[in-house]
Amino acid sequence: MFLKKSVTLTFVLVTILSLALSACGGTAKQPVTLRIGWAGSPDTLNPGTAVLAEAWSIFELVYDSMYDLQLDGSYTLDLADSVTTSADGLVWTYKIHDGIKFHDGTPLTAEDVAFSYNFYKDNVDFPYMNPYTSYFDTVEATGNNEVVITLTEPIPNIDYQLVFLYVLPKHIWEGVNPTEFENVEMIGSGPFKMVEYKQNEFVHLAANKDYFRTPPVIDEAIFQTFENQDALVQAIKTGQVDLITEMPNTAVATLRNEPNIAVVTGAPFAPEVTDIILNQCSQESCPVDAGGVCSGHPALQDRNVRLALAHATDKQKIIDVVLLGLGTPGLTLIPDGLGMWYNNALQDYEYNIPQANQILDSAGYKDANGDGIRDMPDGSRPLTFRLNWPSDSINAPRTAELLSETWGQIGVSLQMQAVDPDALTAQCCPAFDFDIMIWGWGSDPDPNLLLGVMTTDQIPTGSSETGYSNPQYDALYNQQATELDKDQRKALVWQMQQIVHDDVVYIIPFYPQATQAYRTDRFTGWITDKPKVALEDVTSLVVVKPVK
Amino acid sequence: MKRYQYLLKKVAWSFFTILFVLVLNFLLFRVLPGDPARAGVRDPRLKKEAIEAIRVRFGLDKPVINCFETLNPIKVGSCTVNPLDTQFFIYVRNLLQGEMGISFHSNRPVADILTERLWNTILLIGAGQILAILLGVVFGILAAWKARTAIDYTALLSSLLAWSLPTFWLGIILLFWGSSHGLPIGGKATPGTSTLPLLQQWGDVVRHMFLPTLTYTIVYMGEYMLIMRSSLLDVLAEDYILTAKAKGLNTFQILKDHALKNAMLPLVTVIAINLGFTVAGALQIEAVFSWPGLGGAIYEAVVRRDFPVLQGAFLLIAVSVIIANLIADLTYSYLDPRVQSE
């Protein structure tokens, strides 16, 4: 009986397979489709509740906002033709371009802009969108297609506050449940419109040929999810996709040798920092009310120890071994991908073991009991630090090994352990129940966010990871937050980086680079000559055209 | 009469097991460290009010159960709160109403997510299981029938090899091989094919299924073949087989009418257990071929502390394992009537 069944099944399978093969040959004229392979998928298409970067990549293509962020870090007006500011910097009037249409044909007006901004402002539980509206007092649409934003205080970076506030069609979003609305039709006004979305499978977009600025040359763009990085690399090798937005560093060398594939590297669209967090929170500054435990090793509160650790950190070797060379040595939390805000005049601490040893010697950290590990000047405890990192980090374990190697040479020993990211957050801040951690940040285009992480105000909130507190730095932070002149603000921001670098608040081993690859035999015109690399960004996707 | 009692006992046990799983499921995830309202968003811009609003939206502001505010860290709370206003009873009440909640991560109904993923999993693992069972049984019979010949040794050796291959490794090898032969290596269907005629859509899905199904079949076929072979060899050594031979029956008749039914018992056990876990998906295969199945959904939900999805998925798995076992028990009583009397 088994034999009979299996024969029937074989027959069925053969039939299905032949159908499958016949499905390959289509005769209709195919639209020009760009296929992009990536490792993620948007968490939701609702801009209010979205968290993942992949969602933002799609929003950038389907929606418009007041400004566009260029790949050199500058902003250009997008929806508006012009902007005027009142003398006190509080009232901003934007003249919206006439004749813009949403994908469903309804016109986009100042009404929609004001509705969207107020919508984001009214929903406090929108994790990212709501904070961008914190400085808004009122937003109103006037006749004449103008939007008037009145701020609660003058700010230097309204372009940054508005750049991610996507304009939604009022007629669709009015009256929906703000958090449960799935937004599958995703009516926007951007250069691409939504065709079909399957979570964790693909996002299928079509060109909006009526786009009011440059419409895309291609007809369709498809983002396909590959959960596995090897599959992603294999997919571009075999031509199943035309572009991959990420790849393991180990694949870079192989792909560089492939014919018809070009690999590009550079600062990522959202610049990244990998940091070594040194817990400097003392018992006196411990935020006990916020749950502070403050069990950090007292030696880390001494600048000499932090300085010695910095001198004993071989950043270039870490980059070569861990990133296979695909990173740049770090200075402070402000990464090089931030363009003008990055202080490139800072002189980094040289990798110099004798000098590091000498610093510790003269600060009184001697090896009292001869076990090879230095002790506190009062002999109370050895310089043995706990070193933790999130268990989902690929780069941290090898970074930790290299650190223990070179730090061992200056008489510092490490107890190394990977910890579940959530548990690590609980240990981190504001509990300060750790000594040293390897972690990282994704940066905003504006330096304000990461500079704020090192202010005294953030110690009880859980944003400060180091417990660093410096009144001079805090004062400069407040000053730059209201400095309307760009050059003067830049000077302040540079000065702040100098201070935290001098104080060795963090040790920054590297800024990781983005690596992307595209097939040279499919599409041409990719924007690759900018400081930041983001081929899936709208800047490239509207200009690329098929190779003849 | 006995048969009904046996049946009733088994069904009752299954019911209690499901109830137990229901409770365990709820507690298990609340013991995990980490705040679901913050998982994935470690950002200084996230305001206190925002976190609070998210907690209220997902009902996380309510005590877990009477006397306990939270379970990790254990925080003792009031024991006199209205039990119906605790997370546990809200969970039970919603389940009784067939409501599995909203995913913390994607804000979509859990039932929608699980249904979508479940079908993908059943499609992939179902096809893989059927092929693995058929091939395993056929090769197992062949090997036992031709015991200690070249055929037997070849089948034995290749089954052992297939069974001991790491799934993800075999998957990656097949992925490299398949992609250079034009087979798709990611996802369930080519994006943009949903407007094509149904037949072409199915063809596309079958092409996408080819490599993952092949991987699954190879790995499980070995196991089934080995069990089938050894169990059949045992049966063939029994006296009644000798009697059958003496009666002059040919080998095919002996296998078909006398040996197979008895030899199937151990295999049914393994198949039942495997089928139950089918619903959990084959995480490794799903990860290698980006197959949007349940395994991947569960993994993601663990990372993001997406309690509603986890609870729903684990309940689904528990129920299917229990049902599969129930079916196995019932099949036993059919294959081997002695089982009921125990």
Practice task
Using a Förster distance of 30 angstrom, determine the FRET efficiency expected from the C-beta separation of A:Glu174 and B:Asp85, and round it to 0.05.
Solution key: 0.35
Fill in the blank from the handout: Working note, the protein assembly as shown: Cα radius of gyration (Å, one decimal) and Dmax (Å, whole number) are 31.4, 110
Exercise for the section: Within the stretch B:73-161, list the trypsin sites (Lys or Arg not before Pro) lying in a DSSP loop whose Cβ has at most 11 other Cβ atoms in a 10 Å radius. Expected result: B:Arg148
Completion exercise
Violations at 31 Å Cα threshold for listed pairs A:Lys315/A:Lys490; A:Lys532/B:Lys48; B:Lys47/B:Lys188; A:Lys209/A:Lys530 -> A:Lys532/B:Lys48; B:Lys47/B:Lys188
Fill in the blank from the handout: For the B:Phe15, A:Lys486 Cβ pair and Förster radius 56 Å, calculated FRET efficiency rounded to 0.05 is 0.20
Completion exercise
Kirkwood-based Rg/Rh on the Cα set of the stretch B:169-308 evaluates to 1.16
Problem - Per-selection Rg to Rh, the stretch A:344-489 - Cα, Kirkwood hydrodynamic radius - result: 1.02
Fill in the blank from the handout: If each part is reduced to its alpha-carbon centroid, the stretch A:185-206 and the stretch A:144-167 end up apart, in Å, by 27
Problem - Distance cut-off 25 Å, percentage of C-alpha pairs in the stretch A:258-390 lying past it - result: 44
Practice task
Apply the Debye scattering formula to the stretch A:237-333, with a single equal point scatterer on each alpha-carbon and no solvent, then give log10 I(q)/I(0) at q = 0.17, 0.20 Å⁻¹.
Solution key: -0.90, -1.07
Fill in the blank from the handout: Interface B-A: total buried accessible area (1.4 Å probe, Å², nearest 100) of 5100
Problem - Peptides ranked, highest mean first, by Cβ atoms within 10 Å: ranges B:285-297, A:257-269 - result: B:285-297, A:257-269
Problem - Inter-probe distance in nm under a simple model that places probes 7 Å from Cα toward Cβ, at A:Arg398 and A:Glu111 - result: 5.8
Fill in the blank from the handout: GluC sites (Glu not before Pro) in the stretch A:332-407 lying in a DSSP loop, each with at most 10 other Cβ atoms within 10 Å of its Cβ, come to A:Glu350
Problem - Low-density loop cleavage sites - trypsin sites (Lys or Arg not before Pro) in the stretch A:161-250, where at most 12 other Cβ are within 10 Å (DSSP) - result: A:Lys209
Practice task
Using only alpha carbon pairs under 8 Å that are at least six residues apart, calculate the relative contact order of chain B and give it in whole percent.
Solution key: 24
Practice task
Would you tell me the mean number of C-beta atoms belonging to other protein chains that fall within 10 Å of each C-beta in B:102-108, as a whole number?
Solution key: 6
Problem - Pairwise label distance in nanometres, A:Ser282 with A:Thr142, each label 7 Å out on the Cα-Cβ vector - result: 5.5
Fill in the blank from the handout: At R0 = 25 Å the Cβ-Cβ FRET efficiency linking B:Glu238 and B:Arg148, nearest 0.05, sits at 0.90
Fill in the blank from the handout: Here the whole-number average of other chain Cβ atoms within 10 Å per Cβ of B:133-139 is 2
Handout entry: Semi-axes of the equivalent ellipsoid for the stretch B:128-189, Cα gyration tensor, largest first, Å
Key = 29, 13, 10
Exercise for the section: Provide, in order from the shortest bin, the percent of all Cα-Cα pairs of chain B in each 20 Å bin, continuing until the bin that contains the maximum pair distance. Expected result: 24, 46, 26, 4, 0
Handout entry: In nm, spacing of pseudo-spin labels at B:Leu199 and A:Ala345 (7 Å Cα→C-beta vector)
Key = 7.4
Problem - Prolate/oblate/rounded call for the stretch B:1-156, Cα gyration tensor, a/c under 1.5 rounded - result: prolate
Problem - Share, in percent, of DSSP beta bridges within the protein assembly as shown that are antiparallel, nearest 5 - result: 75
Problem - Cut-off 17 Å, label 7 Å out along Cα→Cβ of B:Ser158, residues of the stretch B:217-261 by amide N - result: B:217-229
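The values are calculated or read from the model by the stated rules, or taken from the named source; none is laboratory data. Everything quoted here is computed from the prediction, not taken from an experiment. Every residue, glycine as well, gets a Cβ built from its backbone with ideal geometry; the counts of neighbours run over all protein chains shown. Just the protein is used for accessible areas: all its heavy atoms, side chains included, with ligands, DNA and RNA removed. Shrake-Rupley method; radii C 1.70, N 1.55, O 1.52, S 1.80 Å.
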